[in-house]
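Let me begin by presenting the structure, written as structure tokens, before commenting on it.
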Amino acid sequence: MNRDWGNGPGYPPVASGTSWGTGYHAKERLVSATDKIKNAIEDVEGKAKEALGRATGDRSTENEGKTDQSKADLKNAGENVKDAFKH
């Protein structure tokens with residue numbers, strides 16, 4: 001039987017001696033980049049919400065914006081930690 005154990009179904013043939021080939025790592029980088037983009041969008045939305053709250057005098061909206069920014073920062077920090085352990 002000819003089985004390609006290194007890369008799984010749907011991935012290109014393994015070119016090097018790695019166990020998962022390049023397809024696995026490329027997918028991981030894509031997921032990480034997508035998550036970072038989502039975090040950046042959440043941060044921008046939070047800044048906009050904070051500015052809107054400040055402009056209208058709505059402290060609740062302003063605080064919501066600050067909270068959204070903090071969430072985005074924490075998620076980004078988590079992504080950076082994951083990236084550090086990948087190498």
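Here are some notes:
- The range 20-42 residues that are of a type in the set (A, V, I, L, M, F, W, C), paired with ones that are surrounded by 14 or more Cβ atoms within 10 Å (Cβ to Cβ) and modelled with pLDDT of 70 or more (beta carbon under 9 Å, 6 or more apart): Ala40/Ala72; Ala40/Asn76; Ile41/Ala72
- Test: residue in the range 47-68 that is at pLDDT below 90 and in a helix (DSSP H, G or I): no
- Residue that is farthest from Arg29 (Cα to Cα), among those in the range 43-65 that are within 20 Å of the chain's Cα centre (by Cα) and surrounded by fewer than 16 Cβ atoms within 10 Å (Cβ to Cβ): Lys47
The values are calculated or read from the model by the stated rules, or taken from the named source; none is laboratory data. As the structure is a computational prediction, the values presented were derived from the model and not from experiment. FYI the Cβ positions are ideal-geometry reconstructions off the backbone, even for glycines, and counts take in every protein chain you see.
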